[in-house]
Amino acid sequence: MVDVGVEPPIPSRLANVRYADKDYWNARYTSQPCEFDWFYGYTALRKVVRTFVKRRKPVLHLGCGNSNFQEGMARDGYTQVVNTDISEVVIQQMRSKHAHLPALSYRVSDCRKMPEFLDCQFGSVIDKGTVDALLCSREAASDLRAMFGEVSRVLLPGGVFLLVTLGGPAQRAALLQQPEFDWSVQVCLIRRVPEDQFAPSGPDRAIPLNDTPRPLPFLGPLQLQPDGSVAGLPEPFSPSDFFYAYVCRKAPLVLPADS
């Protein structure tokens, strides 16, 4: 049985696992340094990433952990990926591991407050699991409002926040669709595959790699309505059959017309 520490963060486990706590992650990465991806690795998500994230503009990857995701991006032609995590332990590990990849940089950062980054600095921001971890916090509402506010601030006008998460539209609509974030929201559905369809992880790994041999197709983008409803969902629809990629596009800069 896979240990609870490698399962997706679930708010109901608040009392058992401190997913929003820096000390928890430092201890975990010290004891478990092998790479791991929440909600699939880069190969599985390649189609959705290539569709919405531009390769020639800077990308901010929040809560990178010890994922293989950013390595896949670098090898696929993304030229500037800034990877951040609240854990200094994992940032040191990943700097060393990816020192040979000039497209990747690493820094310790708290996604709820990022003064080290300028307004409108990034063409895209990617999160894969950080929102789910913060939802396990007793301060989840204020933490997420702060995080999304910072994401919107550092995005270029017209830029995309790509959020990959366990939560379906009914759970994420109210969080994402706040006027202050200044973005429109669509959702893509990525079907969850059984573990026996994952890429081989090798005999020395204690946990699954959580990636697939080939990119997975996705359904969407579908427009997310304020009430969490989405037109075009498959019938019958079972929310637990999918992971979700929310495409939050910041409003473009509109220049005043000549008078």
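Of the numbered conditions (1) closer than 23 Å to residue 127 by Cβ; (2) free of Cβ contacts under 8 Å to residues at least 60 places away in the same chain, residue 255 fails exactly one; give the number of that condition.
Looking at each condition in turn, residue 255 falls short on (1).
With the structure loaded, tell me whether residue 182 is surrounded by fewer than 16 Cβ atoms within 10 Å (Cβ to Cβ), in contact with a Lys or Arg (Cβ under 9 Å, 6 or more places away or on another chain) and at pLDDT below 95 or whether it fails that test.
Against the criterion (surrounded by fewer than 16 Cβ atoms within 10 Å (Cβ to Cβ), in contact with a Lys or Arg (Cβ under 9 Å, 6 or more places away or on another chain) and at pLDDT below 95), residue 182 qualifies.
Examine the range 92-114 for a residue that is among the basic types (Lys, Arg), more than 20 Å from residue 19 (Cα to Cα) and touching a strand residue (DSSP E or B) at 6+ places or on another chain (Cβ under 7 Å), and state whether such a residue exists.
Yes: the range 92-114 contains one or more residues that are among the basic types (Lys, Arg), more than 20 Å from residue 19 (Cα to Cα) and touching a strand residue (DSSP E or B) at 6+ places or on another chain (Cβ under 7 Å).
Restricting the range 52-81 to residues that are among the β-branched types (Val, Ile, Thr) and without any contact (Cβ under 8 Å) to a residue 60 or more places away in the chain, which is farthest from residue 119 (Cα to Cα)? Full working, then the answer.
In the first step, residues of the range 52-81 are kept if they are among the β-branched types (Val, Ile, Thr); the result is 53, 59, 79, 81.
With without any contact (Cβ under 8 Å) to a residue 60 or more places away in the chain added as a condition, the list becomes 79, 81.
Values: 79: 20, 81: 17 Å.
Only one residue fits best here, namely 79.
When only residues in the range 131-167 that are modelled with pLDDT of 95 or more and under 11 Å from the mean Cα position of the chain (by Cα) count, which is surrounded by the fewest Cβ atoms within 10 Å (Cβ to Cβ)?
162
Give 187, 164, 131, 125 a once-over and let me know the one that is closer than 20 Å to residue 49 by Cβ, in a helix (DSSP H, G or I), hydrophobic (A, V, I, L, M, F, W, C) and touching a strand residue (DSSP E or B) at 6+ places or on another chain (Cβ under 9 Å).
Values: 187 fails: in a helix (DSSP H, G or I); 164 fails: in a helix (DSSP H, G or I); 125 fails: in a helix (DSSP H, G or I).
None of the others qualify; the one that does is 131.
Let's see how each residue does on (1) at pLDDT below 90; (2) small (Gly, Ala, Ser):
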{"site": "197", "(1), (2)": "yes, no"}
{"site": "203", "(1), (2)": "yes, no"}
{"site": "210", "(1), (2)": "yes, no"}
{"site": "214", "(1), (2)": "no, no"}
{"site": "226", "(1), (2)": "yes, no"}
{"site": "241", "(1), (2)": "no, no"}
{"site": "245", "(1), (2)": "no, yes"}
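Quick one: in the range 214-259, which of the residues that are in a strand (DSSP E or B) and not hydrophobic (A, V, I, L, M, F, W, C) is farthest from residue 153 (Cα to Cα)?
220
Across the range 30-88, what is the number of residues that are under 21 Å from residue 110 (Cα atoms) and out of contact with any helix residue (DSSP H, G or I) (no Cβ under 9 Å at 6 or more places or on another chain)?
3
Give all pairs with beta carbons closer than 8 Å in which a residue from the range 102-114 that is among the basic types (Lys, Arg) meets a residue that is part of a strand (DSSP E or B) and crowded, with 18+ Cβ neighbours inside 10 Å; count only pairs at least 6 apart in sequence or on separate chains.
Every condition considered, the pairs that remain are 107/82; 107/83; 107/84.
Quick check on the range 96-111: of everything there that is exposed (fewer than 15 other Cβ atoms within 10 Å of the Cβ) and among the hydrophobic types (A, V, I, L, M, F, W, C), which residue is farthest from the chain's Cα centre (by Cα)?
The residue in question is 99.
For the range 112-124, state whether one or more residues are more than 24 Å from residue 184 (Cα to Cα) and either buried (at least 22 other Cβ atoms within 10 Å of the Cβ) or among the hydrophobic types (A, V, I, L, M, F, W, C) (or both).
Applying the first criterion (more than 24 Å from residue 184 (Cα to Cα)) to the range 112-124 yields 115-116.
Next, from what is left, pick out any that are either buried (at least 22 other Cβ atoms within 10 Å of the Cβ) or among the hydrophobic types (A, V, I, L, M, F, W, C) (or both): none.
Checking the range 112-124: not a single residue is more than 24 Å from residue 184 (Cα to Cα) and either buried (at least 22 other Cβ atoms within 10 Å of the Cβ) or among the hydrophobic types (A, V, I, L, M, F, W, C) (or both).
Among the residues of the range 174-182, is there at least one that is assigned to a helix (DSSP H, G or I), among the small types (Gly, Ala, Ser) and touching a residue at least 40 places away in the same chain (Cβ under 8 Å)?
yes
The values are calculated or read from the model by the stated rules, or taken from the named source; none is laboratory data. For clarity, every value in this text was computed on a predicted model and none was experimentally measured. Neighbour counts are summed over all protein chains in view; Cβ atoms, including those assigned to glycine, are modelled from backbone coordinates with ideal geometry.
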